[in-house]
1. I need the full set of residues from region 163-177 which are of a type outside the set (D, E, K, R), in a helix (DSSP H, G or I) and loosely packed, with under 11 Cβ neighbours inside 10 Å, in order please.
2. Could you go through region 22-35 and let me know if any residue there is more than 30 Å from PHE140 (Cα to Cα), of a type outside the set (A, V, I, L, M, F, W, C) and either assigned by TED's automatic domain parsing to the domain that holds PHE140 or in contact with a helix residue (DSSP H, G or I) (Cβ under 7 Å, 6 or more places away or on another chain) (or both).
3. So, in region 23-37, exactly how many residues are crowded, with 18+ Cβ neighbours inside 10 Å and within 22 Å of SER84 (Cβ to Cβ)?
4. Could you say which residue among LEU67, LEU102 is closer than 24 Å to GLU124 by Cβ, free of Cβ contacts under 8 Å to residues at least 12 places away in the same chain and either loosely packed, with under 13 Cβ neighbours inside 10 Å or basic (Lys, Arg) (or both)?
5. Anything in region 145-162 that is in a helix (DSSP H, G or I) and surrounded by fewer than 14 Cβ atoms within 10 Å (Cβ to Cβ)? List them, or say none.
6. Within region 84-92, is there a residue that is within 30 Å of VAL142 (Cβ to Cβ), surrounded by fewer than 16 Cβ atoms within 10 Å (Cβ to Cβ), touching a His at 6+ places or on another chain (Cβ under 8 Å) and in the same structural domain as SER131 (by TED's automatic domain parsing)?
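The values are calculated or read from the model by the stated rules, or taken from the named source; none is laboratory data. What you are looking at is a predicted structure, and each value in this text was computed from that prediction instead of being measured. Positions of Cβ are generated from backbone atoms using ideal geometry, with glycine treated the same way; all protein chains shown enter the neighbour counts.
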Amino acid sequence: MRIFLRTASLFWKYWPQAIIAYFCLLAGAGLALMIPRLTGQAIDLALSSGQVSMLVLIALAIGGAGLLRSVFSYFQSYLSEYLSQKVSFDLRNRLYDRLQRLSYAFHDGSQTGQLMSRATSDVENLHMFVSFALIRGVYFIVLLVAIVVLLLIQNWQLALISLSVIPFISYRTIYINRKLRLLWMKIQQDPKIRLLHRKNLPLYANTSQISAVG
């Protein structure tokens, strides 16, 4: 939880870009819900009545909504990557500053490969967290809530039948994720894997030093 709060604080450091990203996200979600509604209007009203002019207007509205959704999606993706890269940059700078202030005894007892792994893979994981959890995760939550509300407004009996499978899918997803996590931890604790990791650390350290000197 502490890591999440610290990452979120770095994310909201760039609050203007974050607000614009969330605005584009919500606008894109609204347009994504509008397109099926317009399609239904075209079938129920325009085609059933044979009004060609109404059908053309609805078709233009669908095309315009799709175009606007693409524009909002582009800016949302751009700002999402921008914010995640900014957070990663700040984290790497903080990690570098921290390493610079540590004692020589720490660096003598630490392997360069482990430090490089923390500066690359761990920071990259946080980069993915910012991009997919803090931004895209909000999009999926908003879209899911909006779909549930619209389904309940249209026909609550049919909506309850449609949504009845969600708890089972959620339970199965959580169950599989836990199984995979335990399997991954078991693989990491495997003596053969740990031995291979210890053998690769000096090679990684030497190659990184060669790259730094070159």
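1. First, pick out the residues of region 163-177 that are of a type outside the set (D, E, K, R): 163-171, 173-177.
Subset that is in a helix (DSSP H, G or I): 163, 166-171, 173-177.
PRO167, PHE168, ILE169, SER170, TYR171, THR173, ILE174, TYR175, ILE176, ASN177 - these are the residues of region 163-177 that are of a type outside the set (D, E, K, R), in a helix (DSSP H, G or I) and loosely packed, with under 11 Cβ neighbours inside 10 Å.
2. Filtering region 22-35 for residues more than 30 Å from PHE140 (Cα to Cα) gives none.
Within region 22-35, none of the residues are more than 30 Å from PHE140 (Cα to Cα), of a type outside the set (A, V, I, L, M, F, W, C) and either assigned by TED's automatic domain parsing to the domain that holds PHE140 or in contact with a helix residue (DSSP H, G or I) (Cβ under 7 Å, 6 or more places away or on another chain) (or both).
3. We begin by selecting, within region 23-37, every residue crowded, with 18+ Cβ neighbours inside 10 Å; these are 24-25, 28-29, 31-32.
Going one step further and asking which of them are within 22 Å of SER84 (Cβ to Cβ), we end up with 24-25, 28-29.
The qualifying residues number 4.
4. Numbers: LEU67 fails: closer than 24 Å to GLU124 by Cβ.
Exactly one residue qualifies, and that residue is LEU102.
5. Residues of region 145-162 in a helix (DSSP H, G or I): 145-154, 156-162.
Within region 145-162, VAL145, VAL149, LEU150, ILE153, GLN154, TRP156, GLN157, LEU158, LEU160, ILE161, SER162 qualify.
6. yes
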